Amino acid sequence: MDIAIIGANGDVGRALAVQIISRQLLSPRQRLQLVGRREGGSASALHGFRADLYDAFAEITPEIDVAFSPEDVAADLILFCAGRTAPTSSSQMVSRHDLALSNRAVFESYAQSLARRGHGEELVIVVTNPVELGVEVFSRYLDPHRVLGMGAYQDTMRLRREIAADFGVRRQRVHGYMLGEHGDALVPILSRFWIYGFDEAENARALQRLRGDRHPSQFAATVLSQKAALATYLKNGEVEQAFRYAEAQPPDMRAVLLPLVTHIAGAKTAVSTAAVTAEMAEQILTGAQSVIPAQVSLTSEDWFGPAGVLGVPVICSLRGWTRVTDLDVDDEERDCLLAAAATIRDRLASWSAS
């Protein structure tokens, strides 16, 4: 098993390389390919980064090589981190539309090259935003069942972490999902929520505490209003107040707002993004089937909605994802997922037409 990081000279790509080696996801006989651009600073920086990795992890480092074009990519697992990232600014919120217009050509070039030159068994994890656009592009050229976006996994881990913090348990004990879009059209799936070790009555009380009087259908609108409130703080340079405001929200809302403030405050979220991507890759590399929430390209036969890209829990292994699971949700959550799917379809259509 060889791994390629496309966009290895970026913040996420560099942090991801460190995660892969430190977690020993590759043996010294396997290969890590660092892929960048020959233009700019990548050509020299990646050779230096390669040497630094050997220096840092001498006893456990896999073979590392450097590549500078889509045609040179050769790996079994491809972690796609290339392209433009959202700006970090206390006066500017993230524009996914601008990211889409900038990154569409990058997605296309690598997807086309893999279709022409790959061995046909590559597994692609899209990290670059918009994740849904990356999944849609790669799924047009490759087997859709071998393309996953990491957004739903990251959002789910954030949700579970925030819930765990409120109840004083480890994240691994929390079961619940954050599905839909890796953007504003997020859908917390709490109808199947539980905390391992809690009995039925305790879980019912925990769910009531999490939801309060809010309904799933109100979540998307609440996200937009809360982001607008944060924007006021950030435009005035009141970053500390923005964090306090976000930290005072319920766990599902914190899972959305805190990463946004972190990024715009200038710290970015490269470390956390790399860590959860490596964790997702680690689950896949075990070879066993596991349930992984991810953005995937669905047909109308895969779930209860129309064809399109959506974040859902899928059964996944080294051969890719096979089927959707854990979508026995309540009616409100079902409607929210259908609405999120429609939003994503509209956005993909708009980005393709622009």
Next item on the list: Determine the gain in length on full extension of the stretch residue 55-residue 265; use 0.36 nm per residue of separation and subtract their C-alpha separation, reporting nm with one decimal.
Entry: 72.4 nm
Notebook entry, point to check: Packing-wise, with mean Cβ within 10 Å as the measure, how do 32-43, 169-180, 231-242 rank, highest first?
Noted result: 169-180, 32-43, 231-242
Notebook entry, point to check: Counting pairs of alpha carbon atoms under 8 Å apart in space and at least six apart in sequence, what relative contact order in percent does the chain give?
Noted result: 18 percent
Item checked: Residues of region 149-170 with amide N under 16 Å of a point placed 7 Å along Cα→Cβ from residue 290 -> 149-158, 160-161
Checklist line | Highest to lowest packing among 264-277, 119-132, scored as the average C-beta count within 10 Å | finding: 119-132, 264-277
Note to self: Explain nothing, just the number: dipole magnitude of the chain about its Cα centre with +1 on each Lys and Arg Cβ and -1 on each Asp and Glu Cβ, in debye rounded to the nearest 20.
What the structure shows: 500 debye
Check: If a helix is a whole DSSP H run, which ones in the chain reach 18 Å or further along their own axis (Cα) and hold a mean Kyte-Doolittle hydropathy of at least 0.5?
Finding: 219-235, 251-264, 270-285
Check: Given a cut-off of under 8 Å on Cα pairs at least six residues apart, what relative contact order in percent is computed for region 35-84?
Finding: 46 percent
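Which ordering of 68, 219, 193 is given by a fewest-first count of other beta-carbon atoms within 10 Å? Present the calculation step by step, with values, prior to reporting the outcome.
On the way: 68 15, 219 23, 193 20.
In order of increasing Cβ crowding within 10 Å: 68, 193, 219.
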Check: In the set (1) 32, 23, 21; (2) 30, 27, 19; (3) 38, 22, 19, which value of semi-axes √(5λ) of the Cα gyration tensor in Å was calculated from the structure you see?
Finding: (1)
Next item on the list: In debye, nearest 20, what is the charge dipole magnitude of region 109-237 about its Cα centre with +1 on Lys and Arg Cβ and -1 on Asp and Glu Cβ, if you could check?
Entry: 280 debye
Note to self: Highest mean first, how do 327-338, 152-163, 252-263, 20-31 rank when packing is the count of other Cβ atoms within 10 Å averaged over residues?
What the structure shows: 152-163, 252-263, 327-338, 20-31
Check: Which shape class applies to region 3-150: rounded if a/c is under 1.5, otherwise prolate when a/b exceeds b/c and oblate if not, where a ≥ b ≥ c are the square roots of the Cα gyration tensor eigenvalues?
Finding: oblate
Next item on the list: Would you be so kind as to identify which of 306, 217, 201 lies farthest towards the positive end of the dipole of the chain, taking Lys and Arg as +1 and Asp and Glu as -1 on Cβ and the Cα centre as origin?
Entry: 217
Next item on the list: Report the relative contact order of region 3-150, percent, no decimals, based on alpha-carbon pairs under 8 angstrom and at least 6 residues apart.
Entry: 23 percent
Margin query: Which of the three applies to region 146-299, rounded, prolate or oblate, going by the alpha-carbon gyration tensor with a ≥ b ≥ c and a/c under 1.5 meaning rounded?
Written below: oblate
Item checked: Cα-based shape type of region 221-267, given that a ≥ b ≥ c are square roots of the gyration tensor eigenvalues and the cut on a/c is 1.5 -> prolate
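Every read-out reported here was derived from the displayed coordinates using simple, explicitly stated rules and does not represent laboratory data. It should be emphasised that the depicted structure is a prediction, and the values quoted were computed from it without experimental measurement. Cβ coordinates were reconstructed from backbone atoms using ideal geometry, including for glycine residues, and neighbour counts include every protein chain displayed.
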